[in-house]
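**Student:** Mind looking over this structure? Questions follow.
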Number of protein chains: 2
Amino acid sequence: MQDALIINSRDLEFQLFEVLEAETLTRRARHADHSRETFNAALDTAHAVAAEKFATHNRLSDEHEPQFDGERVTLPTEVKEALDALRATGFLAAGKDYEWGGMQLPSVISFACLSLFKSANIATSSYAMLTTANANVIERFGSAVQKRKYLQALFEGRAFGTMALTEPQAGSSLSDLVTSATLNADGTYSIRGNKIFISGGDHELSENIVHLVLARIPGGPPGVKGISLFTVPKYHVNEDGSRGARNDVALAGLIHKMGWRGTTSTMLSFGEHGECIGELVGEPHQGLACMFHMMNEARIGVGLGAVMLGYRGYLASLDYARERPQGRRPDNKNPLDPQLPLIEHADVRRMLLAQKAYVEGAYALCLYAARLVDEQNTGESDTARAEAGLLLDLLTPVVKSWPSQWCLEANSLAIQIHGGYGYTREYPVEQFYRDNRLNMIHEGTHGIQAIDLLGRKVVMKQGAALKQLEREIERTLEAAHAHAPLQAHAEALSQAWRELTGTVEALLPTLAHESERALANANAFLEAFGHIVVAWTWLRQAIVASAALPKASNTADMDFYRGKLHACQWFFRWELPRVSLMLTTLRGLDDTTLSMAPQWF
Amino acid sequence: MQDALIINSRDLEFQLFEVLEAETLTRRARHADHSRETFNAALDTAHAVAAEKFATHNRLSDEHEPQFDGERVTLPTEVKEALDALRATGFLAAGKDYEWGGMQLPSVISFACLSLFKSANIATSSYAMLTTANANVIERFGSAVQKRKYLQALFEGRAFGTMALTEPQAGSSLSDLVTSATLNADGTYSIRGNKIFISGGDHELSENIVHLVLARIPGGPPGVKGISLFTVPKYHVNEDGSRGARNDVALAGLIHKMGWRGTTSTMLSFGEHGECIGELVGEPHQGLACMFHMMNEARIGVGLGAVMLGYRGYLASLDYARERPQGRRPDNKNPLDPQLPLIEHADVRRMLLAQKAYVEGAYALCLYAARLVDEQNTGESDTARAEAGLLLDLLTPVVKSWPSQWCLEANSLAIQIHGGYGYTREYPVEQFYRDNRLNMIHEGTHGIQAIDLLGRKVVMKQGAALKQLEREIERTLEAAHAHAPLQAHAEALSQAWRELTGTVEALLPTLAHESERALANANAFLEAFGHIVVAWTWLRQAIVASAALPKASNTADMDFYRGKLHACQWFFRWELPRVSLMLTTLRGLDDTTLSMAPQWF
């Protein structure tokens, strides 16, 4: 397994240490034992396990879907071996306190480690990601008893976690959940209902599975205000932490998907055949708030997964384009000349450059979000922490959706570069494309992210988050002043930003009084906003590259920085200009979709 | 099987008889026996067979890929049953002379019939499409003996045809083919070599398979000028037309693909185990010209297939959006109100409207191309026939590529509307998406279409084809004058067209002297050109709808015409404006991709 095919390690180093200055985090008390060396050691370990245990069965588990014999769900043995290796490295608790056996790594580093597992095998790594997200909710909202029963097991991977939100009749509309939770005399709850699309909902990969289930306590308010959160283990856990009897969580069926075939996707029934016992997490009827804590983290995780599928496809197609001879230059009609490698063709270079711009731009965005988590947790002042939290809230829908859309497009380009071979299952790129198509759907569809962004995030606290982002962008524009070749980009970004904020201003009255109309084109707003944010991440990268280039001491570094500057240029010339069109149509409150009557279709 | 799920029959009627005035073709001598009734009878038969025999096993043959036991390739029996039903209807020779047992249907009608089979099952219908394309080459370039041996069998479907061009080491670069054809004493040729990605290359669906193979006669010129075309049957054909001994065409392997799983995709070896005999078609070294005859037809067929996959996904998601209750309006926070059907949500309507605009616009384009084939064949004057031929040449790369790109996007939107369900194999839309991804690759990749368009088609004969298209567009703009609500669209189209021709003017000197540079961004030119052409097909449809609306006698028709006008408006407001951006960057001869050094990636 070639290193380069999971990640460009030089890019990872650049993003973490040159752009995000992750080393400065070692000055903070929580990470004081760490150093650039310990960070690198963690990254190297993750890389090795990802390459040797995860990447190696990515196709295998796509081809051998989970099987259910009526009693057990079985997966290829390689899946468990990989997760056992991951467990052994301690990455499930990478950012956790030493007292829980964690490593107290900063988020940005543990997130970068996670990115390598995702790149190597999105389906197998999802069991780990869900477990971490689940554990974080119990850590934050669970009782002391719940923590004792579940947390250590989750951190160690003895138990894996799930998020059991969606129901067949409700889909994205959490308001319409009907799963019930009835209080028992001993303080536990009896859970009854059905959930669908529960990833990791059943398997034999861990000793136990802890479901976090949204359900209604009878008598509570209707809608989302009456939803509570429960831990529902597959096996009860005894007081001493050992595994007890089976709880009545039953697998009602496995779902067969286009991609992510190595991740069991399940229909689960709770309490249908006996008694299903759950425990309330947090206060009654406050389930949604707890769930959003988990969901926001999961959304950033989805964005990162989308990036890594795109990244892996980019590297595969880059490798192919360098190796595969094919055709000659358009002005060379001599068939006796040898064929050139694909990368020599301008249109192939365009497809590589587009992929590079999408995946490295989106990677920068995701790692920046992880860096904001650090700032929110260990920032040096209350203000710094609050500002980071605001920015993270604003950017979460973009981090979730932009990579899901554009790194999928990158996967399509990776197929295209492979030509007919790319469409076959002999090459890996078709699987990345199938896998990536999920990301616009789960953890809140694209449409829901768009409404969240325009309807809530940009207007919350009188637009405070938007203003915070503006200050960050201004800081970047100022830094760009020192770099003459970046002036045009800086001006374009500044102009696009002004247009964006002008559009928000123009939409405010309609948002307040005719929200359906104002939100009808929210999708275009999400796209425009996303492109501006990614242009900004590119300008940040270009500033660092531009400063480093004259000082670079070897050809490889010079090539690398030039590539960064060039990809930035490509994004500014070929992608950013779209923004203005979308914003113009948005300001005009175009009602074409709203006024299309259903019977006209 | 609901009718509506294969095609919107009202739309088909509109396109054929209201927009393209297909009935006027019955005035021509060749079609004098036909009438609107016989056209409808053909369409109804195709619809019934497509719905009852083709659509019914579309998922089945996706799930049960062709199997090779070392001797025979087997497919689900439903595939053969469907093709037997197709054979029985005579559609394989729908447009052919009565003397061959054909129906002498105009191209536009037989193409519309074909569209229904493609919609129902792209993989099974491909055997028929390849056979027709193959027969057309033999009809046009074959000797009397070849016609006697093969043509009747192909028209009746006793033999199926293939196109065997691609070789593993050459891919898209036909110049680098190495398969050889050595002249024997009896005038036949011994063929030796390997071909890859040969669709329908082996199966038991027909008595025989006739491969059309590109190969080199030793001693001929290098490159494409030394390529000749041969018929190579799987079984020799005796003088009396009966099947003879096996020829040495061997299946070297089946290729496993992301989609189109019902179509065998093969690696074939010729003459590896004995003697493989072929017969020269046309003159030595003129194979490429013959092949392009077939290829151009195949390219239009690919475009139509892409449209129909998009169309089918659109209809599936429209049906789902009407049936599935989900959530409430953004300004309704009352969870006790019933959930609304998905179609009531603006963002879902946007996704439906975008699909409608893409698939109905592209369907209009493909049927227009088929109408040009009629004009080329039976047009009323030499001038009319020549002009149609020019236009068809110009539009072929667009007909091939635009649907492959945008109807794939439609398939993605169809998945999105289904949410999590759309990603599962329980619903049909994920298969359409997988199937459609091939269309940007086969019969000349997107990149090759772009170079063909900008490097050859727009400049050929001093831009005569472009001028011809300009006249057609001007005719449409003039017709739009009578419709006040279409004025803004007409002006936008006119403006976009001027910008396009201005861009071509600006690029001409560079095309002549620095073709690599001028063609570096050919992809953007193809996209801009395609959007303008599709906008034009929408304006043509809107003019007809606008004229018909006041006279419509029932609500269904009024709804239908309003839908057309609205989809046109959506395309002009949300899609056409992109064109200007692309053309501006093209005129600037942006060299970002060209100047990206391979080592900078």
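The values are calculated or read from the model by the stated rules, or taken from the named source; none is laboratory data. For clarity, every value in this text was computed on a predicted model and none was experimentally measured. We place every Cβ from the backbone using ideal geometry, glycine too, and count neighbours over all the protein chains shown. With ligands, DNA and RNA removed, areas are computed over all heavy atoms of the protein, side chains included. Shrake-Rupley method; radii C 1.70, N 1.55, O 1.52, S 1.80 Å.
**Student:** Go through A:A512, A:A496, A:A492 for me and flag whichever is within 14 Å of another protein chain (Cβ to nearest Cβ), in a helix (DSSP H, G or I) and free of Cβ contacts under 8 Å to residues at least 12 places away in the same chain.
**Tutor:** Going through A:A512, A:A496, A:A492 in turn, the sole match is A:A512.
This table checks each residue for (1) surrounded by fewer than 17 Cβ atoms within 10 Å (Cβ to Cβ); (2) touching a His at 6+ places or on another chain (Cβ under 7 Å).
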| position | (1), (2) |
| --- | --- |
| B:H513 | yes, no |
| B:N521 | no, no |
| B:E527 | no, no |
| B:A548 | yes, no |
| B:K551 | yes, no |
| B:G563 | no, no |
| B:C568 | no, yes |
| B:F571 | no, no |
| B:V579 | no, yes |
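**Student:** Would you mind telling me which numbered condition in (1) more than 22 Å from B:N58 (Cβ to Cβ); (2) under 25 Å from the mean Cα position of the chain (by Cα) B:A480 fails?
**Tutor:** The single condition B:A480 does not satisfy is (2).
**Student:** Among the residues of segment B:6-23, how many are open to solvent by 40 Å² or more (accessible area, probe 1.4 Å) and at negative phi?
**Tutor:** Adding up the residues that qualify gives 5.
**Student:** Right, next: Quick check on this structure: which one of B:G455, B:G530 is of a type outside the set (A, V, I, L, M), within 14 Å of another protein chain (Cβ to nearest Cβ) and in contact with a Ser or Thr (Cβ under 7 Å, 6 or more places away or on another chain)?
**Tutor:** Matching residue, one of B:G455, B:G530: B:G455.
**Student:** What are the pairs, 6+ residues apart or on separate chains, where a residue within segment A:9-26 that is under 19 Å from A:T378 (Cα atoms) and free of Cβ contacts under 8 Å to residues at least 24 places away in the same chain has its Cβ under 9 Å from a residue that is open to solvent by 10 Å² or more (accessible area, probe 1.4 Å) and polar (S, T, N, Q)?
**Tutor:** A:E23/A:S35; A:T26/A:S35; A:T26/A:T38
**Student:** Do we have B:V544 as touching a helix residue (DSSP H, G or I) at 6+ places or on another chain (Cβ under 8 Å), among the β-branched types (V, I, T) and open to solvent by 20 Å² or more (accessible area, probe 1.4 Å) here?
**Tutor:** Spelling it out, B:V544 is indeed touching a helix residue (DSSP H, G or I) at 6+ places or on another chain (Cβ under 8 Å), among the β-branched types (V, I, T) and open to solvent by 20 Å² or more (accessible area, probe 1.4 Å).
**Student:** Quick one: in segment B:290-344, of everything that is among the acidic types (D, E) and assigned to a loop (DSSP other than H, G, I, E, B), which residue is nearest to B:A567 (Cα to Cα)?
**Tutor:** Checked segment B:290-344; the qualifying residue nearest to B:A567 (Cα to Cα) is B:D331.
**Student:** Also: Checking the conditions here, which among B:M295, B:M291, B:M267, B:M258 is farther than 23 Å from B:A181 by Cβ, among the hydrophobic types (A, V, I, L, M, F, W, C) and touching a Leu at 6+ places or on another chain (Cβ under 9 Å)?
**Tutor:** B:M258
**Student:** May I ask you to say which residue of B:P325, B:P330, B:P338 is farther than 18 Å from B:L116 by Cα and within 7 Å of chain A (Cβ to nearest Cβ)?
**Tutor:** Unique residue meeting the criteria: B:P330.
Every residue, every condition in (1) surrounded by 23 or more Cβ atoms within 10 Å (Cβ to Cβ); (2) outside the structural domain of A:E272 (by TED's automatic domain parsing); (3) touching a strand residue (DSSP E or B) at 6+ places or on another chain (Cβ under 8 Å), yes or no:
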position: A:Q146; (1), (2), (3): no, yes, yes
position: A:D186; (1), (2), (3): no, no, no
position: A:N194; (1), (2), (3): no, no, yes
position: A:E207; (1), (2), (3): no, no, yes
position: A:P221; (1), (2), (3): no, no, no
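**Student:** Could you check segment B:250-282 and list, in sequence order, the residues that are assigned to a loop (DSSP other than H, G, I, E, B), more than 14 Å from every other protein chain (Cβ to nearest Cβ) and in contact with a strand residue (DSSP E or B) (Cβ under 8 Å, 6 or more places away or on another chain)?
**Tutor:** If the condition is that a residue be assigned to a loop (DSSP other than H, G, I, E, B), more than 14 Å from every other protein chain (Cβ to nearest Cβ) and in contact with a strand residue (DSSP E or B) (Cβ under 8 Å, 6 or more places away or on another chain), then B:G271, B:E272, B:H273, B:E275, B:C276, B:G282 are the ones that fit.
**Student:** Something else now. Filter segment A:584-601 down to the residues that are facing another protein chain (nearest Cβ under 7 Å) and assigned to a helix (DSSP H, G or I), then identify the one that is farthest from B:L315 (Cα to Cα).
**Tutor:** Ranking the qualifying residues of segment A:584-601, first place goes to A:T585.
**Student:** Return yes when B:L581 is facing another protein chain (nearest Cβ under 9 Å) and in contact with a Gly (Cβ under 7 Å, 6 or more places away or on another chain) and no when it is not.
**Tutor:** no
**Student:** What are the residue pairs meeting all of these: first residue in segment B:157-178, first residue under 28 Å from A:R329 (Cβ atoms) and within 11 Å of chain A (Cβ to nearest Cβ), second residue in a loop (DSSP other than H, G, I, E, B) and at pLDDT below 90, Cβ atoms under 6 Å, and 6 or more apart or on different chains?
**Tutor:** Every condition considered, the pairs that remain are B:D176/B:A170; B:L177/B:A170.
**Student:** Pick out the one residue from B:L105, B:L75, B:L83 that is touching a strand residue (DSSP E or B) at 6+ places or on another chain (Cβ under 9 Å), open to solvent by less than 10 Å² (accessible area, probe 1.4 Å) and of a type in the set (A, V, I, L, M).
**Tutor:** Testing whether each residue is touching a strand residue (DSSP E or B) at 6+ places or on another chain (Cβ under 9 Å), open to solvent by less than 10 Å² (accessible area, probe 1.4 Å) and of a type in the set (A, V, I, L, M) leaves just B:L83.
**Student:** Oh, and also: Mind telling me which of the residues A:G447, A:G420 ends up being within 14 Å of chain B (Cβ to nearest Cβ), over 16 Å from the mean Cα position of the chain (by Cα) and closer than 30 Å to B:I448 by Cα?
**Tutor:** A:G420
**Student:** On the given criteria, is A:F197 on the phi > 0 side of the Ramachandran plot and assigned to a strand (DSSP E or B)?
**Tutor:** The answer is yes for A:F197.
**Student:** Taking only segment A:586-601 into account, find how many residues are touching a residue at least 12 places away in the same chain (Cβ under 8 Å) and open to solvent by less than 30 Å² (accessible area, probe 1.4 Å).
**Tutor:** 3
**Student:** Additional query: Let me confirm something: among B:P335, B:P341, which residue is more than 22 Å from B:Q541 (Cβ to Cβ) and modelled with pLDDT under 95?
**Tutor:** One residue alone meets the criteria, B:P335.
**Student:** Something else now. Looking at A:E409, A:E470, A:E387, A:E360, can you tell me which residue is touching an Asp or Glu at 6+ places or on another chain (Cβ under 7 Å), of a type in the set (D, E) and in contact (Cβ under 8 Å) with a residue 24 or more places away in the chain?
**Tutor:** A:E360
**Student:** Return the pairs, sorted by first residue and then second, in which the second residue is among the hydrophobic types (A, V, I, L, M, F, W, C) and in a helix (DSSP H, G or I), the first residue lies in segment B:37-61 and is modelled with pLDDT under 95, the beta carbons are less than 8 Å apart, and the residues are 6+ apart or on different chains.
**Tutor:** Short answer, once both residue conditions are applied: none.
**Student:** Let me ask something else about it. Pick from segment B:460-476 the residues that are of a type in the set (A, V, I, L, M) and surrounded by fewer than 18 Cβ atoms within 10 Å (Cβ to Cβ): which of them is nearest to the other protein chains (Cβ to nearest Cβ)?
**Tutor:** B:M460
**Student:** Another question, then. So in segment B:445-459, with the set limited to residues that are in a loop (DSSP other than H, G, I, E, B) and either under 21 Å from B:P577 (Cα atoms) or touching a residue at least 60 places away in the same chain (Cβ under 8 Å) (or both), which one is least open to solvent (accessible area, probe 1.4 Å)?
**Tutor:** Ranking the candidates gives B:V458 first.
**Student:** Return the total of residues in segment B:474-489 being within 18 Å of B:W570 (Cα to Cα), free of Cβ contacts under 8 Å to residues at least 60 places away in the same chain and not aliphatic (A, V, I, L, M).
**Tutor:** 1
Residue-by-condition table, conditions (1) open to solvent by 10 Å² or more (accessible area, probe 1.4 Å); (2) more than 16 Å from B:T263 (Cα to Cα):
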| residue | (1), (2) |
| --- | --- |
| B:L60 | yes, no |
| B:E63 | yes, no |
| B:E71 | yes, yes |
| B:W100 | yes, yes |
| B:A112 | no, yes |
